Amino acid sequence: MANTVKVSPTADAEYYRTLSRESGFSPLLVLDCERLRQQYRSLVAALPGVDMYYAIKSLPNMDVLHTLAAEGAGFDIATSAEAEMLAQVAVSPRHTIHTHPIKRPRDIIDALRYGCTTFVVDNPEEIAKFEPYRQRVSLLLRVSFRSPSALVDLSRKFGCAPQEVDTLLDEAARLGIHVKGLSFHVGSQSLDSSQQVKAIDTCNALIRARHARGLPPLSVLDIGGGFPASYGQGEVDIEAYCEPIRAALDRLPEFVNVLAEPGRFLSAPSMTGVATVMGRALRDGRWWYYFDDGVYGSYSGQLFDHTHYPLEVFSDSAERFPSVLSGPTCDSIDVIAEDLELPELQIGDLLVGHSMGAYTAASATDFNGFPRARVVLVNQHMDEALTG
């Protein structure tokens, strides 16, 4: 997968130039709160009856949290730092779950102090950590389902095998710890929902078998995240993607409450990157353009998230030249895209990256002393644009 680059008329850059000028800063990440609301509402409509818990790790931004809290979202936290962020948002801790399967003792204490009482586990050692808190917590047991089509295979690192579920549930019962349900995450950015359907059906069988034996019911199923975002291959039809998932959920017993942990689908389309050419050089017949953002900054997702973003440059020229788009640091790995045919760009010209909300600002660094992109808000209250 490689970056796609669109060449647009120079006049189309004025919107982004205005944002840069008004903020007095480059690079920028433009957060469109209305697009975030639209993404959330479309997923809720596609999965009616499923409680949504936003995966904070995809874009840990206070304005994102406030916007989604106003929409009625719950929140998926994985660290003490994320709990500290949520403490500043008007959301009940009862609408949070702690989904990191492996936790430090401090993570458990901090989450309980905040008010989160639902935790995900996937092995006997992790279950045992909750024995001192067995009167205060409920657990979800994470089951592993590998997905060959997922861009990021999270079940490689976390989750127990389906055949281990009964043994782990028995261990929790021996320790007096309540396990209220199962969870899974089939991986990220698969355009095929068949693995989610398979995981739901397998969990359905486990839930029904336990219920038939007269054992305490598993009343929660957390179907994780992984709902795909569009990265220039056309808009994702979330209604069509979720149709088989809805059918599988309809086969669950009526007493099962379903949760989901959307991250990328909500955050990715909601943010746009804006970088500026800070230098250029003609090397071996190719124009090298050096931008003030790169793979150590907002484009970090190209390394850590295996994602390449739809790019846009602005020119009125029809001529094209071999080109390389580079980041600002002194490291040779800091290249955004190469082997491109682009019009000649000048110092001060812009590069716009689309769908740059997920795992961009979240994993950006200050390497080499270059500052991270500043976040600019638009449509915060539907009819106004603010910066922050």
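So the values come out like this:
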| item | result |
| --- | --- |
| Every pair of residues 6+ apart whose Cβ atoms lie under 9 Å, when the first sits in the stretch 165-191 and is within 30 Å of ASP305 (Cβ to Cβ) while the second is acidic (Asp, Glu) and at pLDDT below 95 | VAL186/ASP153; GLY187/ASP153; SER188/ASP153; SER188/ASP305; GLN189/ASP305 |
| Condition check for VAL143: buried (at least 19 other Cβ atoms within 10 Å of the Cβ) and either acidic (Asp, Glu) or in contact with a helix residue (DSSP H, G or I) (Cβ under 7 Å, 6 or more places away or on another chain) (or both) | yes |
| Residues being in contact with a helix residue (DSSP H, G or I) (Cβ under 8 Å, 6 or more places away or on another chain) and either over 20 Å from GLY74 (Cα atoms) or in a loop (DSSP other than H, G, I, E, B) (or both) - total across the stretch 256-265 | 3 |
| Residues of the stretch 214-230 that turn out to be surrounded by 22 or more Cβ atoms within 10 Å (Cβ to Cβ) and either free of Cβ contacts under 8 Å to residues at least 40 places away in the same chain or assigned to a loop (DSSP other than H, G, I, E, B) (or both), as a count | 7 |
| Condition met for TYR241 (more than 20 Å from ALA209 (Cα to Cα) and either touching a Phe, Trp or Tyr at 6+ places or on another chain (Cβ under 6 Å) or assigned to a loop (DSSP other than H, G, I, E, B) (or both)) | no |
| LEU215 farther than 26 Å from LYS57 by Cα, at pLDDT below 95 and either of a type in the set (A, V, I, L, M, F, W, C) or under 20 Å from the mean Cα position of the chain (by Cα) (or both) | yes |
| Output for the stretch 190-204, where each listed residue is small (Gly, Ala, Ser) and part of a loop (DSSP other than H, G, I, E, B) | SER190, SER193 |
| Conditions (1) surrounded by fewer than 17 Cβ atoms within 10 Å (Cβ to Cβ); (2) touching a residue at least 12 places away in the same chain (Cβ under 8 Å); number of the one not met by THR18 | (2) |
| Residue match in the stretch 301-312 (condition: closer than 19 Å to ASP12 by Cα, surrounded by fewer than 19 Cβ atoms within 10 Å (Cβ to Cβ), out of contact with any strand residue (DSSP E or B) (no Cβ under 6 Å at 6 or more places or on another chain) and not polar (S, T, N, Q)) | yes |
| Pick from the stretch 161-189, criterion assigned to a strand (DSSP E or B) and modelled with pLDDT of 95 or more, ranking: farthest from the chain's Cα centre (by Cα) | HIS178 |
| Near pairs, Cβ below 6 angstrom, 6+ apart or cross-chain, from the stretch 241-252 (in contact (Cβ under 8 Å) with a residue 24 or more places away in the chain) to any residue that is of a type in the set (Val, Ile, Thr) | PRO244/VAL197; ALA248/VAL197; ALA248/ILE200; LEU249/VAL258 |
| Among (1) within 28 Å of CYS203 (Cα to Cα); (2) not assigned by TED's automatic domain parsing to the domain that holds ARG174, the one test that PRO216 misses | (2) |
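The values are calculated or read from the model by the stated rules, or taken from the named source; none is laboratory data. It should be emphasised that the depicted structure is a prediction, and the values quoted were computed from it without experimental measurement. Virtual Cβ from ideal backbone geometry, glycine too; neighbours counted across all protein chains shown.
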